[in-house]
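S.K.: Before I ask anything, here is the structure I am working with.
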Amino acid sequence: MAKTGTTSQGLREAIERSGYYPALVADAVEAAVGREAVASYLVHQETTFDSNEVRRHATVLVLTGTRFIVSHTDEQSADSTAPAPYATTSTESVKLDRISSVVLSRVVSDPQSYKPGTLPREVVLTIGWGAVSRIDMEPANCGDPNCEADHGYTGSTTADDLSLRISEAGDGPETVRQTLEFAQALSEATAVAGK
């Protein structure tokens, strides 16, 4: 479930509607936002299956006039170090001029019949600010199939600080629309901050 909007009160209401530890999530997000006005937000709750366990996660993205804030909350099962289930929540505040990329990937059904304004069936929002990078490496070659020389390695680095997948089937069409709106607001804000 995802909700988006533009006010602090709307943000709190969206967190409460998600139903995922709303007091804990709201407290962490509000502490990170502080006194700044909320320009846009997205609340996304996701359920995953891990072996025999069902786990829930909540991610809250907030855009203010100067910062991008990401909060993530996970629930954990009881284990040898904790006799009762528990939740962990973290927040990160990033100055807008540090955001290096806002990538929005769209999956569209029946592309030959696409009409402008049609919602994609799925979107993946990836935001990079340099905290986490992924390196993909592979052996380099020269193209000669008979060459046995060691040409070292080649690879690429990808900024991968945050990635959210939202689908029409799993999250609903309104959630896809809300993700598109948040991505646009963040993209526009980073363009202004970079000047």
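The values are calculated or read from the model by the stated rules, or taken from the named source; none is laboratory data. Remember, it's a predicted structure, so these values are computed and weren't measured experimentally. Here the Cβ positions follow ideal geometry from the backbone for every residue, glycine too, while neighbour counts run over all protein chains shown. Just so you know, the surface numbers come from the protein's heavy atoms only, side chains and all, with ligands and any DNA or RNA stripped out. Shrake-Rupley method; radii C 1.70, N 1.55, O 1.52, S 1.80 Å.
S.K.: Accessible area of the chain with a 1.4 Å probe: how many percent of it is carbon plus sulfur?
M.R.: Solvent-exposed carbon and sulfur of the chain make up 49 percent of the total.
S.K.: Next up: Using the beta-carbon distance between Ala78 and Glu16 and R0 = 35 Å, what value does 1/(1 + (r/R0)^6) give for FRET efficiency, to the nearest 0.05?
M.R.: Efficiency, from the Cβ-Cβ distance: 0.85.
S.K.: Between Gln184 and Arg35, what is 0.36 nm times their sequence separation minus the Cα-Cα distance? Round to one decimal in nm.
M.R.: Separation in residues times 0.36 nm, less the Cα-Cα distance, equals 51.3 nm.
S.K.: Let me ask something else about it. Based on the Cβ-Cβ distance of Arg56 and Ala193, what FRET efficiency does E = 1/(1 + (r/R0)^6) give at R0 = 25 Å, to the nearest 0.05?
M.R.: My answer for the efficiency is 0.15.
S.K.: Just name one of Phe182, Thr48, Gly65: the one whose Cα is farthest towards the positive end of the charge dipole of the chain (beta-carbon charges, Lys/Arg +1, Asp/Glu -1).
M.R.: Farthest along the dipole direction, towards plus: Gly65.
S.K.: Okay, next question. Rounded if a/c is under 1.5, else prolate if a/b beats b/c, else oblate: with a ≥ b ≥ c from the C-alpha gyration tensor eigenvalues square-rooted, which is the range 1-69?
M.R.: In terms of gyration-tensor shape, prolate.
S.K.: To the nearest Å, what is the center-to-center distance of the range 29-56 and the range 172-195, using C-alpha atoms only?
M.R.: Each part's Cα centre sits 17 Å from the other's.
S.K.: Here's something else I'd like to know. Compute a Gaussian network model of the chain, connecting alpha carbons closer than 10 Å, and tell me which residue from Ala28, Ala185, Ala169 fluctuates the most.
M.R.: Fluctuation is largest for Ala169.
S.K.: So, one more: Where only protein heavy atoms count, and the probe is 1.4 Å, what is the accessible area per residue for the range 9-74 in Å²? The partial results should precede the final answer.
M.R.: Details: 3040 Å² over 66 residues.
Per-residue accessible area for the range 9-74 comes out at 46 Å².
S.K.: So if each residue of separation counts as 0.36 nm, and I subtract the Cα-Cα distance between Thr88 and Ser163, what length gain in nm does that give?
M.R.: Answer, rounded to one decimal: 25.1 nm.
S.K.: While we're on this one: Considering the chain as a Gaussian network with a 10 Å cut-off on Cα pairs, which listed residue, Glu122, Glu138, Glu30, attains the greatest mean-square fluctuation?
M.R.: Answer for the Gaussian network model of the chain: Glu138.
S.K.: Give me the angle, in degrees from 0 to 90, between the Cα long axis of helix 8-18 and the longest principal axis of the Cα atoms of the chain, rounded to the nearest 10.
M.R.: Once rounded, one gets 80 degrees.
S.K.: Which shape class, rounded, prolate or oblate, goes with the range 88-195 when its Cα gyration tensor gives a ≥ b ≥ c as root eigenvalues, a/c under 1.5 marks rounded, and past that a/b bigger than b/c marks prolate?
M.R.: Oblate shape, in that a/c is at least 1.5 and b/c is the bigger or equal ratio.
S.K.: Report the extension gain between Glu148 and Val124 in nm, rounded to one decimal, defined as 0.36 nm multiplied by the number of residues separating them, less their alpha carbon distance.
M.R.: Full-extension gain reported as 4.6 nm.
S.K.: For the chain, set up a GNM with springs between Cα atoms under 10 Å and report which of Tyr114, Tyr153, Tyr20 has the largest fluctuation.
M.R.: In the Gaussian network model the winner is Tyr153.
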